[in-house]
C-alpha cells in the first residue's frame, strides 16, 4: 500500500505544471537532473548556469529562427555564470526534467570543448533526456520516450537514434560513450 501511495505522489508531481512562479519546483528539477546525469558521469555544475522560465513570446524573441522551442542554452559570462538556460513555462514537471537534462547536455559539451555535428550534439542531448525519463515513474514520461524515438526530425530524431545506437555499441556503458564523444569531437 505504501508503495502505491508513493507512486501516486510521484505521478502527481510529474504531471503537475511548472510556471514562472514555481521556483521551488524548478530547483527540484535542476537538482534531480544534475544528480541523474552525474550518475552516468555527465557532471554538470548547475551553479554555473542561470535558469529562467519564460513564456513563448520571450522564447521566440530570444530564438526567432526556430519553431516549437521548449528550452534554449547559450554560453554567457554574467555574474559568474557560464551558461544560461531558458525554459518554456506551463509544461509538466516530467517534461521540464527531460528538457533540463537535454539543455545540461549542451553545457557539458561546451564545458568539455566538444565540437560534434549538430545531429550528434542534439542526439546526445536527446539521449540524456531519454535516460532521465527512463529513471522516473511516469506514464507521461513513458509516452514522451516513445514520441522521442519515433521523431522523424533529421537532427533530433535521427540524432537520438544514432546516439542510442552508439550507446548500444558501447554495451550500455556511458563511460565508453563519453570517451567516444570526447575522442570523436575534439
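Read-outs: derived from the displayed coordinates by stated rules, not from any lab. What you are looking at is a predicted structure, and each value in this text was computed from that prediction instead of being measured. Reconstructed Cβ throughout: ideal geometry from the backbone, glycine too, with neighbour counts over all protein chains shown.
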Item checked: As computed over the chain, the Cα convex hull volume per residue (Å³) -> 124
Checklist line | residue 149 paired with residue 169, simple spin-label distance in nm, labels 7 Å along Cα-to-beta-carbon | finding: 2.0
Item checked: Efficiency of FRET from Cβ geometry, residue 28 and residue 179, R₀ 25 Å, rounded to 0.05 -> 0.20
Margin query: With an 8 Å Cα cut-off and a minimum separation of 6 or more residues, compute the relative contact order for segment 85-186 in percent.
Written below: 30
Checklist line | Gap separating the Cα centres of segment 26-40 and segment 135-158, nearest whole Å | finding: 19
